[in-house]
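S.K.: Let me give you the structure first, and then I'll get to my questions.
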Amino acid sequence: MLFSFVNLLYLGAPAFIWNSYRSTLKKSSVPVYGPWYLPTFVRGIIAMIRLGQDEDGFLLSARKVYGPVVYLPWPLDQIFVLEGQAIQNVYNSSASTLSFIPIRISMQGAVFGSPANVIHHSALKDRMFPVHARGLTNVRLDAPIERFVQVVQQRISELAYRVDHCDGCFQMPLVSWVTQTMFEAATIGLFGEEFNARMVATGSRDHFNAFDNCFPLLVSELIPDFLSSLVPPLRSGIRGRQAITKLLADWVADSMPGLEEGVIKDTADIGLSEGFSFMEIGSLLNSDLWALQANAPYVAAWFLLYIMQSPLLPAVQKEIDSLPRDGVSENPLITMKTLASMPLVTSCMHETLRLCTSSFSIRVVEESFVLPTPSSHDQYPQEYLIPGGSRIICATRAAHLTDPIWGPDPATWDGERFLDSKSNTETGGNKLSREVRGFGGGVSICEGRHLASAELKCLLALMLSNFDITPLFPTQGRGPPLTSEASKIGIKGASKTGIAPSRALGRPGLGAFQFDGSDVIVNVTRKATS
């Protein structure tokens, strides 16, 4: 019971902020969540519970009742921005007004276990952060993507063998296959084959999963270290984190075999030059491993599920078939350049990110400022005073589901939504795609977005170049029984409602929607040739 309660609190703050809340609230024009007649801390607890139980329902209700901005009292103590243009105005604010660096540094310590001497070292901000950003730009990703492609091709060859030895038809759980393939391919892509081999040999995927499962608790900082052993998921997660950190530390101590270049090596080399211990460097690299694996594998599963059940599948297939061949097999030539040449696939990816992610971009308000919120509803103010000392969150999920630009049925997947030919004169295709904030935005935009996007397109292109895949039925797995509604997804133009695994709860704002252990069984056959 303790875990389920504090899991809802992961965005909260310690109780000692109560007095500062009362003083800053008087200076703010932001409406406060909850019935006016209830004490503010009760209203905060209600908000916390509703957010944890039903993220979408909570955000949609808050947007409808309070407009583009609402304050959630203690224990959350956050100002939530719920409308797209207001979110963009937050992203556009200067670093002197809204700072992300303190959040990034705090998370490195609280979540990934880096000691104080590391997270407060000048090298983190002055050297590592800039090198990390440059290392994940498009021009630095050719080698990681080449390694990623090789692994995916190998997994597809293994799958083809199974198909051929099962009378040409093989049934498998799609999410399980996709996430396992993505995990292995992405690890090798960024860290190299040797580190992945060490992960496999030590069973470290289980350590990673335990760490990821307790991520909401760690990021909340609600449970003191001396009490962490009393919370089983937290205790298990910290052990998993320590095991991964030790594995990374040993690999760095062995001179990072299997990796000759790239952002991971550059980061580790800076740590070595600054005199950090191997374990300290391991804790820094663990944040890269988590960012690599916590979201993209699940988006890839959603991506495939939507496209396979959409009437756009033949057009997507045609676009993939038009890619140049690699000269060795029937597979398309996968490079950063060829992956950028698929406008329909890119549009489908943006739409999947819109519907299958929730990002809470957090900023510390360094000084009071006025946030413009140009609203189409006269009952809401056009600007709000945001007090210094508070924390502000861009709740992108609310904007993705409620902004008028998405039309009358925003919950339905429309893979053509971001094609230029689909846009009107007010929102051109490029502008509309910028309204999707699955990777966050502003100074805190995900630095790995180019790598993740390339991985998603690569997996899709290779899968559809080799197989015809037909979803059959959802299966329960380890999660609760699937309800008829939990296993349905709306797809524009489809003759019937699509099916998907049920979504895991308790991870609001943490990125891609994960699954509760359920899956979708698919029928896999060799791609029909003309």
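Each reported figure results from applying straightforward, stated rules to the coordinates on display, with no laboratory input. Quick caveat, the model's predicted, so the values are computed rather than measured. No Cβ is skipped: glycine too gets one built from the backbone with ideal geometry, and neighbour counts run over all protein chains shown.
S.K.: Please report the net charge: other residues with Cβ closer than 12 Å to the Cβ of residue 360, K and R +1, D and E -1.
M.R.: Charge balance near residue 360 sits at +4.
S.K.: Which GluC sites (Glu not before Pro) in the stretch 224-301 pass both tests, a DSSP loop state and at most 10 other beta-carbon atoms within 10 Å?
M.R.: Sparse-neighbourhood loop GluC sites (Glu not before Pro): 260.
S.K.: I've got another one for you. About the Cα centre of the chain, what is the dipole size in debye to 20, counting +1 per Lys and Arg Cβ and -1 per Asp and Glu Cβ, all else neutral?
M.R.: Here the chain has a charge dipole of around 1040 debye.
S.K.: Based on DSSP loop calls and a cut-off of at most 11 other Cβ atoms within 10 Å, the longest stretch of the chain free of exposed chymotrypsin sites (Phe, Trp or Tyr not before Pro) is what?
M.R.: 38-530
S.K.: DSSP beta bridges in the chain, what fraction antiparallel, as a percent rounded to 5?
M.R.: 85 percent
S.K.: Between 505, 381, 176, whose Cα lies farthest towards the positive end of the dipole of the chain when Lys and Arg beta carbons carry +1 and Asp and Glu beta carbons carry -1, centred on the Cα centre?
M.R.: In the chain, that residue is 381.
S.K.: First select every other residue whose beta carbon is under 13 angstrom from the beta carbon of residue 508; then total the charges, Lys and Arg +1, Asp and Glu -1.
M.R.: Around residue 508, the charge tally is +1.
S.K.: In the calculated pair distance distribution of the stretch 432-474, what percentage of Cα-Cα distances lie above 14 Å?
M.R.: So the pairs more than 14 Å apart make up 65 percent of the total in the stretch 432-474.
S.K.: When each pair of different Cα atoms in the stretch 213-346 is counted once in the 1/r mean, what is the Kirkwood radius in angstroms, to one decimal?
M.R.: One decimal place: 18.7 Å for the Kirkwood radius.
S.K.: Taking the chain as the region of interest, what is the percent of Cα-Cα pairs per 20 angstrom bin, listed from the shortest bin to the one with the maximum distance?
M.R.: Result returned by the calculation: 21, 56, 22, 1.
S.K.: In whole Hz, what ³J(HN,Hα) sequence does the stretch 68-73 give by Karplus (6.51, -1.76, 1.60; θ = phi - 60°), x for Gly and Pro?
M.R.: For the stretch 68-73, the Karplus curve yields x, 9, 8, 9, 9, x Hz.
S.K.: Sticking with this one: So which of 457/488; 125/337; 337/527 end up more than 27 Å apart, counting from Cα to Cα?
M.R.: Long pairs (Cα-Cα over 27 Å): 125/337.
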